[in-house]
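A short write-up of the structure that comes next.
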Amino acid sequence: MDLALEHTQTCMLVLNKKGQIRWHNNMFFELLELPNSEQAHLSEYLLHLPAKQIQDFAEVTQSSTPIIKEILYTTPKGVQKWLQLRFYPYAKNYFIHKRQTQSILVINDITTLQKTKASLSFTEKINAEIIKEIPDLLFITDRQDKIIHYHAPKGQKTYVPPEAFMGRMFTETVPKHVAEKCAEAKQKVHSTKKSTTVEYDLAMSNTLEHYECRVVGLQDNSTLFIIRNITKEKQLELAERTQQQLMLTTEQQKLQALFELSPLAMILAKEGSIIDCNKATIQLFGGKEKQDILNKKVIDFSYIPSKNENEILSLIKEHTQESIQKGEHHFHWKHKTLQGQVFNSEVWYKSVYLGSPAVLHTYACIINRDQKAKAEKSIEEALSKTKKINELKDNLIQIVSHEFATPLSIVKSHIQLIKLYLKQQEMPENDKLLIYCERSMEGIDRLNKLQSEILAYAQTKSDKLPFHPVSCNLIELLEHLLENQRFEQIQFHYPSEGITDMMIDPELIHHIFMNLLNNTIKYTSNQKPAVVTLTEGTRSIQIKVQDFGIGIPKEEQLNIFKSFYRASNAVNITGSGLGLYISKQFLDLHQGWFTVDSEEGKGTTFTVHLPK
């Protein structure tokens with residue numbers, strides 16, 4: 001035993017009545033980090049220590065009763081240690097190394113333990129602060145269900161006052177129905193080792209409050225109850241559920257309206273019996289009201305003369321199974337009306353299981369193929385007639401246009417001859433006649449222009465517009481156009497280089513700009529000339545035609561490219577309303593587009609965009 005004490009990891013000292021060390025084991029000098037010298041009075045080893053530590057040792061060794069004390073000890077090297085001193089005085093009958101002892105001092109290093117305690121204390125403080133901020137009511141109960149700890153937030157409604165919680169049974173702090181739920185949850189938690197949640201309602205201050213109780217099993221078989229008031233969440237949930245139900249009802253009403261108003265016959269069948277149908281179904285089967293159709297079997301309206309009733313039922317089941325497997329199923333069938341009239345039909349099936357327990361429901365959409373064939377034939381005949389009428393109209397327009405052209409050319413040439421004759425005579429009264437001739441020529445030009453526009457309009461409507469793009473120099477085309485005496489005042493700006501030839505139809509482009517330039521003169525009452533500007537963009541060549549005339553009302557600008565449309569401020573100016581419409585059709589063939597910028601009373605700018 002002496003050998004065991006010598007080599008134990010616990011520091012032990014044997015002292016006599018005078019406090020002299022009678023014996024110590026090997027851990028003495030190691031633990032206290034003292035210089036190793038011969039046995040002496042304990043105080044001789046501690047003379048160099050601070051007075052407080054010497055006093056701590058003296059207090060222990062001079063005690064007449066067993067004592068345990070914890071002290072903060074500083075070694076000669078300045079290292080601090082927590083030591084536990086256990087002093088047992090006057091052990092007269094205890095012998096160590098055959099020496100009778102008077103007292104024993106056991107010293108243990110508890111530095112690590114103290115640090116752990118300090119850490120745990122800090123953690124407990126943090127946890128306490130966290131728990132203070134938790135808005136939930138907390139209980140911890142022991143194995144006997146007695147409350148050993150609780151946390152009740154300020155202002156929290158409780159069944160009994162919070163100060164009465166400690167030491168009471170948990171079942172005494174909540175109503176019976178809540179206690180039963182929590183007891184069942186507690187048993188489940190400790191058997192499954194998994195937390196669980198229960199909900200309950202409680203009448204508090206004349207209001208019904210909703211609560212959620214989280215039950216958690218702790219390691220020592222104690223139980224944690226976390227109780228939260230979820231009244232607001234429940235109210236929001238109820239409001240949301242009510243809103244969803246309202247939306248669902250609205251959607252159902254919409255679907256029912258679509259079902260009822262559908263021009264197609266639609267039925268809903270449950271296990272082979274019709275439980276709902278729309279007006280088109282009543283009409284299709286020759287009924288007067290829903291009751292004529294409802295609760296009848298689907299087979300009652302089916303007609304297959306080569307099959308008996310069981311065979312027809314088998315076919316219906318096959319089609320139903322097809323719709324279940326594919327999601328929907330389309331097939332041809334024969335139906336009969338209430339009066340026994342048979343017709344060929346086209347049917348779409350969609351079958352689903354609804355309700356609890358699930359019951360098979362089938363939605364069916366039915367079309368009378370005989371009526372459909374008659375309608376298609378009527379439509380084809382009407383289209384054929386319309387096509388013939390359009391062809392006759394186109395031919396008539398072309399004939400009339402050409403018939404107009406010849407007489408107009410003759411009249412124009414005769415007027416030109418009359419003008420030439422009058423100029424040669426040089427008679428004073430001829431001046432007035434020449435004016436009449438000029439007016440007649442202007443009228444003929446207007447008729448020619450109208451005839452040309454009507455012919456072009458007819459071509460746009462019949463998809464027979466000629467389009468023959470060739471490589472063309474756009475600048476030269478515009479310069480040639482502006483050489484016309486009517487346009488000699490118009491300014492033309494373009495870059496000196498960079499514009500290359502483009503693939504365009506010269507006749508169509510000529511028509512577009514002729515129309516735009518004529519409009520600059522027609523709708524400008526002042527003498528300020530128009531401006532044509534050609535620029536090159538990243539995606540297109542842009543030609544702006546700007547006038548300073550009457551402009552276009554802002555609210556009417558979206559309509560100016562419609563056929564026969566005239567702006568409200570231009571009704572007193574001659575025109576057909578076809579010019580811009582035809583120009584847009586010609587520009588569409590080039591995959592180009594117009595942009596318009598106009599202000600009433602200040603002028604208009606049309607920009608033609610031709611893609612590169």
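The values are calculated or read from the model by the stated rules, or taken from the named source; none is laboratory data. Please read all numbers here as calculations on a predicted model, not as lab measurements. Cβ atoms come from the backbone with ideal geometry, glycine included; neighbour counts cover every protein chain shown. The protein model used for the area step is the full one, side chains on, heavy atoms only, and it has no ligands, DNA or RNA in it. Shrake-Rupley method; radii C 1.70, N 1.55, O 1.52, S 1.80 Å.
If one computes P(r) from the Cα atoms of region 246-355, what percent of pairs lie at distances over 19 Å?
That fraction is 49 percent.
Please give, to one decimal in nm, the separation of the simple spin-label points placed at ILE444 and ARG566, each 7 Å out from Cα toward the Cβ.
2.5 nm
Assuming 0.36 nm per residue, please report the length gained on full extension of the stretch ASP300 to LYS387 beyond their Cα-Cα distance.
Extra length available between ASP300 and LYS387 comes to 26.8 nm.
Relative to the compact globular guide of 2.2 N^0.38 Å, what is the alpha carbon radius of gyration of region 176-325, as a ratio?
Against the compact-globule rule of thumb, the ratio is 1.91.
Based on the Cα coordinates of region 432-588, what is the per residue volume of their convex hull in Å³?
143 Å³
For ARG228, ARG369, what's the largest-to-smallest order of accessible area, 1.4 Å probe?
Descending order: ARG228, ARG369.
Just to compare against my own numbers: the Cα pair-distance distribution for region 349-395, 5 Å bins, whole % per bin, please.
5, 16, 11, 11, 8, 9, 8, 7, 7, 6, 5, 4, 2, 1, 0
Is any residue of region 292-318 close enough, with backbone N under 12 Å, to a label point placed 7 angstrom from the Cα of LYS270 along the Cα-Cβ axis, and if so, which?
What the label zone holds, given the 12 Å backbone N cut-off, is 295.
Using a 1.4 angstrom probe on the protein heavy atoms only, could you order SER314, SER191 from most to least accessible area?
SER191, SER314
Taking 0.36 nm per intervening residue step and subtracting the Cα-Cα distance, what contour gain separates ASP588 from GLU180 on full extension?
This chain segment gains 138.7 nm when fully extended.
To make sure I understand the rule: partners must be aspartates and glutamates, Cα under 15 Å from the Cα of LYS132, and not fewer than 8 residues away in the same chain. Which ones qualify?
GLU124
Given a 1.4 angstrom probe, I'd like the percentage of the accessible area of region 443-543 that is carbon and sulfur, rounded to a whole number.
49 percent
Which value in Å does the Kirkwood hydrodynamic radius of region 304-386 take, with 1/r averaged over all unlike C-alpha pairs and then inverted?
15.0 Å
Under 16 Å Cα-Cα from LYS125, which lysines qualify once same-chain neighbours fewer than 8 residues away are excluded?
Cross-link targets: LYS115, LYS117.
Over 25 Å between Cα atoms: which of LYS232/LYS254; LYS449/LYS602; LYS146/LYS193 fall into that group?
Where the Cα-Cα span goes over 25 Å, the pairs concerned are LYS232/LYS254; LYS449/LYS602.
Quick one: work out the % antiparallel among DSSP beta bridges in region 474-549, nearest 5.
In region 474-549, approximately 65 percent of DSSP beta bridges are antiparallel ones.
From the Cα gyration tensor of region 511-562, with a ≥ b ≥ c the square roots of its eigenvalues, which class applies: rounded if a/c is under 1.5, or else prolate if a/b is larger than b/c, or else oblate?
Note, shape of region 511-562 comes out oblate.
Given the Cα-Cα distance of GLN253 and GLN84 and 0.36 nm per residue of separation, how much length would full extension add, in nm?
Taking GLN253 through GLN84 to full extension adds about 52.5 nm, to one decimal.
Quick one: ranking SER205, SER452, SER103 by accessible area, 1.4 Å probe, largest first, what do you get?
From most accessible down to least: SER205, SER452, SER103.
Between LYS372 and GLU289, what FRET efficiency follows from the Cβ-Cβ distance if R0 is 22 Å, with the result rounded to 0.05?
Efficiency for this residue pair is about 0.30.
5 Å is the cut-off here: which amide hydrogens, built 1.01 Å from N in the peptide plane, fall below it relative to ILE550, excluding neighbours closer than 5 in sequence?
Distant-sequence amide H within range of ILE550: SER525.
How far apart, in nm, are two points set 7 Å out from the Cα along the Cα-to-Cβ line at LYS554 and at LYS307?
6.9 nm
Post the alpha-carbon centroid distance, region 334-396 to region 281-299, in whole angstrom.
The two parts, judged by their Cα centres, are 18 Å apart.
Using each residue's phi in region 265-281, evaluate 6.51 cos²θ - 1.76 cosθ + 1.60 at θ = phi - 60° and report the 3J(HN,Hα) Karplus result to the nearest Hz, with x for Gly and Pro.
After applying 6.51 cos²θ - 1.76 cosθ + 1.60, I find 6, 10, 10, 10, 10, 10, 6, x, 10, 6, 10, 7, 7, 10, 5, 4, 5 Hz.
Once the other residues with Cβ under 11 Å from the Cβ of ARG369 are scored (Lys, Arg +1; Asp, Glu -1), what is the net sum?
Within the 11 Å Cβ shell, the charges total 0.
Apply the Karplus parameterisation 6.51 cos²θ - 1.76 cosθ + 1.60, with θ equal to phi minus 60°, to every residue of region 328-340 and state each ³J(HN,Hα) to the nearest whole Hz, in sequence, with x for glycine and proline.
These are the phi-based 3J(HN,Hα) values: 7, 9, 10, 7, 9, 8, 10, 10, 9, 7, 4, 8, x Hz.
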